[in-house]
Amino acid sequence: MGPYTITYFGVRGRCGAMRIMMADQGQEWKEILMDFSDWMKGDLKASCVFGQLPKFEDGGLALYQSNAILRHLGRNHDAYGKDGKEAALIDMMCDGVEDLRLKYVKMIYQEYDTGKDPYIKDLPNHLDKFEAVMAKNKTGFLVGDKPSFADYSLFEVLLNHLVLCSSCLDTFPSLKSFVEKMSARPKIKAFLGSDAYKKLPINGNGKQ
Ligand code: 0HH
């Protein structure tokens, strides 16, 4: 397994969580940066299973769909629970994070000017679900006692929300502590401090 290759645009976007996960798992990966004008020529798009990036390569295996890629990394790096029951719960949490991510992406790309304030007002009604799971598990992770791919996905979505609204976790102590502890993991700390991470905008339209 590995070294891996990501082909994507020059944003964190759909690759934010997988990059943090690979960094924390001590993996190296290659980045192929796709210029949007080259993308518009259509050749690469035509070769992608769903006509979209990211493309992720693990040796001869080419994968699309960011959550499928996270699951693949979860299987490769023992971050998919200790048994079938934990794996099912991790899948559930990953899908819950995806629902929040989609709401965020819709607001950012389609209705930032009018939708940002209502989005922030409604945010506690979504974050409280993750707070409850995190508080109940008591290990500092969503499921089990070590980070799974769902934790990396949640962590990355929460980092983006803290940029949107720096106080959004103030009433959610378990999520706040989760973000602090994940941010302090040495390999994550090094990655978040790297130029490779900092130079990329969160989203493709300059909104955050
Ligand atoms: N469900 C898929 C997944 O999770 C969704 C993939 C997706 O939406 O992997 N891909 C988009 C790019 S992500 C895509 O391929 C949004 C980032 C936009 C940044 C673009 C410009 C950056 C310039 C600096 N879109 C292209 C397309 O659909 O033709």
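Just so you know, all these numbers are worked out from the coordinates, no wet-lab data involved. If you're wondering where the values come from, they're calculated on a predicted model, not measured in any experiment. Glycine gets a Cβ as well: all are built from the backbone with ideal geometry, and neighbour counts include every protein chain shown.
Results, tabulated for the structure shown:
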{"quantity": "Highest to lowest packing among 138-148, 108-118, scored as the average C-beta count within 10 Å", "calculated": "138-148, 108-118"}
{"quantity": "Span-like helix ranges in the chain, DSSP H, alpha carbon extent 18 angstrom or more, Kyte mean at least -1.0", "calculated": "84-110, 124-137, 149-164"}
{"quantity": "Length-normalised contact order for segment 84-185 - Cα pairs under 8 Å, 6+ apart - percent", "calculated": "32"}
{"quantity": "Stretchable slack from Asp117 to Ala88, in nm (0.36 nm times residue separation minus alpha-carbon distance)", "calculated": "7.0 nm"}
{"quantity": "Residue-averaged [θ]222 nm for the chain, counting only DSSP H segments that reach four residues, each worth -39500 (n - 2.57)", "calculated": "-17500 deg cm²/dmol"}
{"quantity": "Computed lengthening from Lys207 to Lys129, 0.36 nm per intervening residue step minus Cα-Cα distance", "calculated": "25.5 nm"}
{"quantity": "Lysine pair count for segment 84-185 [Cα-Cα under 13 Å; pairs on different chains or 8 or more apart]", "calculated": "4"}
{"quantity": "Relative contact order of the chain, defined on C-alpha pairs under 8 angstrom at six or more residues apart (%)", "calculated": "27"}
{"quantity": "Neighbour-count order for Arg185, Arg101, fewest beta carbons within 10 angstrom listed first", "calculated": "Arg185, Arg101"}
{"quantity": "Gain upon complete extension [Glu57, Arg185; 0.36 nm per residue less C-alpha separation]", "calculated": "43.5 nm"}
{"quantity": "Sequence ranges 32-39, 159-166, ranked by mean other-Cβ count within 10 angstrom, highest first", "calculated": "159-166, 32-39"}
